[in-house]
Amino acid sequence: EVSVSELGLGYESDETVLFRYCSGTCEAAVRSYDLSLKSMRSKKRIKKEKVRARPCCRPLAYDDDVSFLDAYNRYYTVNELSAKECGCV
């Protein structure tokens with residue numbers, strides 16, 4: 001559980017929400033694309049800038065939308081916040 005303010009989305013609120021996240025390695029999901037990208041990077045054909053040569057663990061589905069009141073009694077709803085299902089993409 002974290003406060004809405006801690007999420008870093010620009011809302012000021014002391015309300016707490018459940019934030020589920022994905023983590024882990026995805027070595028079993030390596031495909032031809034990943035191997036070729038890694039090879040091109042090692043040969044300096046592609047710069048390392050913002051390029052990942054392997055799959056990463058990301059949300060495949062999200063929990064229900066999260067609603068809360070901010071510090072000024074304004075009501076907000078945030079979607080796609082907490083991971084419901086994770087997988088390698």
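Only one of the numbered conditions (1) more than 26 Å from residue 89 (Cα to Cα); (2) part of a strand (DSSP E or B) is violated by residue 59, and that is (1). For region 15-36, the set of residues classified as in contact with a Pro (Cβ under 7 Å, 6 or more places away or on another chain) and without any contact (Cβ under 8 Å) to a residue 40 or more places away in the chain consists of 30, 34, listed by residue number.
Checking the conditions here, which among 13, 67 is on the phi < 0 side of the Ramachandran plot, among the hydroxyl-bearing types (Ser, Thr, Tyr) and part of a loop (DSSP other than H, G, I, E, B)?
Numbers: 67 fails: part of a loop (DSSP other than H, G, I, E, B).
Residue meeting the stated conditions: 13.
Among the residues of region 21-41, the ones that are aromatic (Phe, Trp, Tyr) and modelled with pLDDT of 85 or more come to 1 in all. Can you say whether residue 21 is assigned to a loop (DSSP other than H, G, I, E, B) and either in contact with a His (Cβ under 6 Å, 6 or more places away or on another chain) or open to solvent by 100 Å² or more (accessible area, probe 1.4 Å) (or both), as far as the supplied structure shows? Yes.
Residue under question is residue 44, and the condition is that it be at pLDDT below 95 and exposed (fewer than 11 other Cβ atoms within 10 Å of the Cβ); does it hold?
Numbers: at pLDDT below 95: yes; exposed (fewer than 11 other Cβ atoms within 10 Å of the Cβ): yes.
Against the criterion (at pLDDT below 95 and exposed (fewer than 11 other Cβ atoms within 10 Å of the Cβ)), residue 44 qualifies.
The values are calculated or read from the model by the stated rules, or taken from the named source; none is laboratory data. None of these values were measured; they are calculated from a predicted model. No Cβ is skipped: glycine too gets one built from the backbone with ideal geometry, and neighbour counts run over all protein chains shown. The accessibility values were calculated without ligands, DNA or RNA, using every heavy atom of the protein model including side chains. Shrake-Rupley method; radii C 1.70, N 1.55, O 1.52, S 1.80 Å.
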